[in-house]
Amino acid sequence: MLPKVPVQQKSIEQYRGIVGDDVLERLYSLAAKLKGARVVNINSTAHGGGVAEMLYSLVPLFGSLGLQSEWRLIEADQDFFTITKFMHNALQGMDMLITDEMKAKYIDTNRENAQLFDGAYDFVIVHDPQPCAMITELKETIARKAKWIWRCHIDTTYAEDEAWDFLEPFIEHYDAAIFTMDDYIKSPLKIPLAFIPPSIDPLSAKNIIPEKRVQSDIARRYGVDENRPIMLQVSRFDPWKDPLGLVDCYRLVKKEHPDVQLIYLASMADDDPEGWHYYQKTSAYVEGDPDIFLLSNQQGIGNVEVSAFQAMATVVLQKSLREGFGLTVTEGMWKRKPVVAGKVGGICLQIDDGLDGFLVCSIEEAAEKVNLLLSSHATCQRIGDLGHEKVRSRFLTTRHIGDYLELFIRLMDQVEG
Ligand code: UDP
């Protein structure tokens, strides 16, 4: 059996006060058609990054709506994760060599995991490239009686041909694929497609704002001065999150606002061996600046700390060069913060430039927008309030669940029709 991730129960009713009756009625009416359906989500890690973050909410909420819902992980060694990180980078457009040996290891590991796949399901949702090839190994087993859905969280607009061509034949085995945006489809796929943006859970520890007293304790614990302006970026150490560009942006802002501090919060994911390398690179680049704080789960940064720093931030940044969606943008907007973020990928779905945040194309432009925001509390507030409302209407878990249920029904109708 593939290892199962335990999740805490959640009730969909708890969301009524936040999203309103209509949203819940839609979910109940969709779920009624799927009562008892068995759903399993499969990915490669239970910690770090946006996919794990979402599954902790989506999996129990499917359960609360009357489906049987599970989350399972694939098992793999570090070499496999290094290879899939290469694939991930190539799919985001980085020039990477993926050798035949690497491809063979990828397929072997998927085969081993396919052998561990057990149980009967109605819907199998496979996230990202790591477990994508399992399906081809399952052939006519009971597992293939389920509807298989591949969920791509990556911005594949600029995917390297070789990486895409390697993955595409596996994707074509699925009954459907989900991308965040239609721009991400590199070449026409023959299977049914759905375009579903990700979401945040307003009731997760990450999104509940800790009391002021707790925020102050956390600031003190890490030596941050909460009374001075804070630029915050929350991301894995990854070249696409542009940590060095962020430091350059802070240095430009510092010339106009000498009291500004930069906090970079990271979590080191199991399937992200590159993380340490980029942490060390960034740490060396910072040159001991006492107003820059590079903190991670290694120093006890967890959900409450992330939420507290998001609440304390003056400006939230996400200086990404590629971004599948950018949940950290959504989290910042939900906390009524002005967000300055790279004009890339799914970030453009979230921010209307100049209205509920800023989209930027360079370090200089990012610094200019941060300077503007640090000079006007009223602007920060206005943008923050609009961002919060945008997230409430479009990017909460409840909308996301409804989109999944609609896709399940569409696939079921195909069978019956
Ligand atoms: N995250 C976190 N702690 C960290 C860094 C990231 O909890 O130190 C979370 C972050 O709050 C967000 C997710 O990891 O919920 C990152 O998702 P995003 O879509 O921004 O990026 P990804 O890592 O999936 O590329």
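Values quoted throughout were computed directly from the atomic coordinates according to the rules given, and no laboratory measurement underlies them. Just so we're clear, the structure is a prediction, and the values are computed from it rather than from any experiment. No Cβ is skipped: glycine too gets one built from the backbone with ideal geometry, and neighbour counts run over all protein chains shown.
Here are the numbers for the structure shown:
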| quantity | calculated |
| --- | --- |
| Phi-based couplings in Hz for the stretch 133-145 (Karplus 6.51, -1.76, 1.60; Gly and Pro marked x) | 8, 3, 4, 5, 7, 8, 6, 9, 5, 4, 4, 6, 6 |
| Crossing angle, helix 397-416 versus the chain [Cα axis fit, 0-90 degrees, rounded to tens] | 20 |
| Prolate/oblate/rounded label for the stretch 211-312 (Cα gyration tensor, a/c 1.5) | oblate |
| Shape box of the stretch 78-219 [Cα atoms, principal axes, largest first, Å] | 56, 40, 32 |
| Shape of the stretch 353-405, Cα gyration tensor, a/c cut at 1.5 | oblate |
| Gaussian network model of the chain, Cα within-10 Å springs - most flexible of 127, 377, 388 | 377 |
| Under 19 Å from residue 186, Cα to Cα: aspartates and glutamates that are on another chain or at least 8 residues apart | 95, 128, 155, 160, 161, 162, 165, 168, 172, 175, 323 |
| Cross-link pairs 33/337; 103/241; 33/145; 35/85; 85/343 - those with Cα-Cα distance over 28 Å | 33/337; 35/85 |
| Residue with peak Gaussian network fluctuation, the chain [Cα springs, cutoff 10 Å], from 191, 178, 83 | 191 |
| Model label zone, residue 182; criterion: amide N under 18 Å from point 7 Å along Cα-to-beta-carbon; scope the stretch 300-326 | none |
| Candidate aspartates and glutamates - alpha carbon under 15 Å from residue 206, same-chain residues fewer than 8 apart omitted | 53, 305, 331 |
| Acute angle (nearest 10 degrees) that the helix 100-116 long axis makes with the longest principal axis of the chain, alpha-carbon atoms | 70 |
| For the stretch 277-344: Kirkwood Rh in Å [reciprocal of mean 1/r, alpha carbons] | 13.5 |
| Rg to Rh, two decimals, where the stretch 42-144 supplies the alpha carbon set and Rh follows Kirkwood | 0.99 |
| Computed helical MRE - 222 nm, the chain, DSSP H runs ≥ 4 contributing -39500 (n - 2.57), nearest 500 | -14000 deg cm²/dmol |
| Angle in degrees between helix 212-221 and the longest Cα principal axis of the chain, rounded to the nearest 10 | 80 |
| GNM top mover of 31, 52, 284 - the chain, alpha-carbon springs below 10 Å | 284 |
| R0 of 30 Å, Cβ-Cβ distance residue 195-residue 361: FRET efficiency to nearest 0.05 | 0.80 |
| FRET efficiency for residue 14 and residue 99, using Cβ-Cβ distance with R0 set to 41 Å, rounded to 0.05 | 0.25 |
| Hydrodynamic radius by Kirkwood, which averages 1/r over all alpha carbon pairs of the chain, in angstrom | 22.1 |
| With eigenvalues of the C-alpha gyration tensor scaled by 5 and rooted, the stretch 317-417, Å | 33, 15, 8 |
